[in-house]
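Participant: Below: one structure in structure tokens.
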Amino acid sequence: MTQLSPAGQSTSHPRRWVILAVLCLALLVVLLDNTVLNVAIPAITDSLGATTAEIQWTINAYSLVLAGLLLTTGSLADRFGRKRALLLGLVLFTGGSAIAALAQTPLQLILARGGMGIGAALLMPSTLAVLMQIFDEKERPKAIAAWSAVASLGFALGPVIGGTLLDHYWWGSVFVLNLPVGAIAITAIALLVPESKAPTSRRADVPGVLLSVVMSVGVVYGIISVPEHGWTSGQVLVPLAAGLAAGAGFIAWERRAAEPMLDLALFRSPRFTGAVASNALVAFAMGGSLFLFTQYLQFVLGYSPLEAGFRVMPLALSVLVVTPFSPRISARIGVPATIASGLTVVGAGLLALSFVTTDSGYGPTLLGLVLVGAGVGVAMPTSANALMGAIPRERAGIASGLTSTLQELGTSLGVAILGSVVAARFAAELPSFLPEGVERSVGLALQATGGVPEVVRDVRDAFVSGISTSLLCGAVAAVAAGALAWVLLRREGADRVNG
């Protein structure tokens, strides 16, 4: 259990930095899996004979299970033990990876990905919750900065590692990578991480659990179905309506439950609400904008998936360089100004990316990615520390689960909404003589050009126009997130002074 001082306050664990390294390793392997699979899709399609729908479910099975369970697993970790949650999550994730690597049919791969999603849902909130227990308030900002840097690194490293493996091995190698890392993490956590859980036992909130799962799965499934079916399709509207109805029921139930899974009183804190809302908006901006921007690197600038992955790396390197300075900046100018200024820099980076053209080359891309990385490195560690500092330590798991859920939702919304913006603009500016249906993707449109240089350029120009518009929307969302954090976090300070 976490050590306590005579005054009853938690003290830092003597092996806290080694434990942090282990937690970051566990987090990294989960986040890598979010992006590494994308570059393996063509190979999986060829090897398993998977249809488009099966490939879509290979991706969605993981996302839906993860999003649907994060609130529940965060709450369970607080109740039954965060170390137990970490170990169980790693066992499920590593075992699912082994099954996925050996899958002989699309169905086997889909089921394995679902099992990996359960493991990831147990892991993600527990890493931050354990961090909260082993570091005191003085060192916690540095620890969270390291945790945030690893989270950003996972986003950028996935395509690079996946592309490198696929250049030398079969598609299952992207899952085999998880096995030795998972084994090391399981051993290290079992030996090093202290157990911690909420000091008082709470009754299981079964209605809250069920409503939260239906809410998260319904909303996320509806959103990720948008690119394929459109906003007015029943396959989008029905799950969205079910998810929103369950969300309303969840809020109503949690307000009246004697021992709710999620204490809605947390949202009375401007600090908590500001950090949560700004994180979701940043996920919207980053997830939608940069996911689509990787297509620009491949279809317009002509890079291979591996080459495109390497050219996204400056974002991660910028995060790693800037993140250690975030606690110092926050101590000097304050939390609201640090988050607002960092997110403004993110917006400036997305704005710079929006000016790319068919002929602009990699230079403007490099500038934009460095700015985005620098802004993330300044803002996100401070935001995470503000969020976790606004909640009782014994509820760290559920708070981390809530944050991860909203980030997953923000990313899915970003891909769906900004993807719709790109699709609409792209379809409007395509040459009218191209066959019907090619507007569904830039790849299909380029194939339909027959290699005619003028038509190829027109298709690329149409795609760049859509990408530029979506990046502008992402820039606005990032700046709005900074403004929201500024207003709410300053209100928290004013409330403390007036109180």
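Participant: Relative to the longest principal axis of the chain, what angle (0 to 90°, nearest 10) does the C-alpha long axis of helix 206-224 take?
Facilitator: 20
Participant: Same structure, new question: Label points 7 Å out from Cα along the Cβ direction at Arg268 and Thr357: separation in nm?
Facilitator: Each label point is offset 7 Å from its Cα along the Cβ direction, giving 5.7 nm.
Participant: Also, quick follow-up: When a/c is below 1.5 the answer is rounded, else prolate if a/b is larger than b/c, else oblate, so apply that to region 258-373 with a ≥ b ≥ c taken from the square roots of the Cα gyration tensor eigenvalues.
Facilitator: prolate
Participant: In terms of Cα to Cα distance under 21 Å, which lysines are near enough to Lys83, apart from those fewer than 8 places away along the same chain?
Facilitator: Lys197
Participant: May I ask you to order 457-466, 418-427 by the average number of other C-beta atoms within 10 Å around their residues, highest value first?
Facilitator: Descending mean neighbour count gives 457-466, 418-427.
Participant: Right, next: Highest first, please rank the peptides 283-290, 373-380, 323-330, 299-306 by the mean number of other Cβ atoms sitting within 10 Å of their residues.
Facilitator: Final packing ranking: 373-380, 283-290, 323-330, 299-306.
Participant: Among Ile41, Gly309, Leu402, whose Cα lies farthest out toward the positive end of the dipole of the chain, if unit charges sit on the beta carbon of Lys, Arg (+1) and Asp, Glu (-1)?
Facilitator: Leu402
Participant: Let me ask something else. Could you size up the charge dipole of the chain around its Cα centre, putting +1 on the beta carbon of Lys and Arg and -1 on that of Asp and Glu, and report it in debye to the nearest 20?
Facilitator: 1820
Participant: Roughly speaking, to the nearest percent, how much of region 63-201's 1.4 Å accessible area is carbon and sulfur?
Facilitator: Answer for region 63-201 is 71 percent, counting heavy atoms of protein chains only.
Participant: Roll a 1.4 Å probe over the protein chains and send me the accessible area per residue for region 316-385 in Å².
Facilitator: 37
Participant: Calculate, for Leu244 and Asp46, the FRET efficiency according to 1/(1 + (r/R0)^6) with r their C-beta to C-beta distance and R0 35 Å; round to the nearest 0.05.
Facilitator: Efficiency computed from Cβ-Cβ geometry: 0.35.
Participant: For Leu102 paired with Leu366, estimate the spin-label separation in nm (one decimal), with each label point 7 Å from Cα along the Cα-to-Cβ line.
Facilitator: 4.6
Participant: If you don't mind, another one. In degrees from 0 to 90, rounded to the nearest 10, what is the angle of the helix 140-168 Cα long axis to the longest principal axis of the chain?
Facilitator: For 140-168 against the chain, the angle is about 30 degrees.
The values are calculated or read from the model by the stated rules, or taken from the named source; none is laboratory data. As the structure is a computational prediction, the values presented were derived from the model and not from experiment. Methodologically, a virtual Cβ is constructed for each residue, glycine included, from the backbone with ideal geometry; neighbour enumeration extends over all protein chains shown. Ligands, DNA and RNA are excluded from the accessible area calculation, which covers all protein heavy atoms including side chains. Shrake-Rupley method; radii C 1.70, N 1.55, O 1.52, S 1.80 Å.
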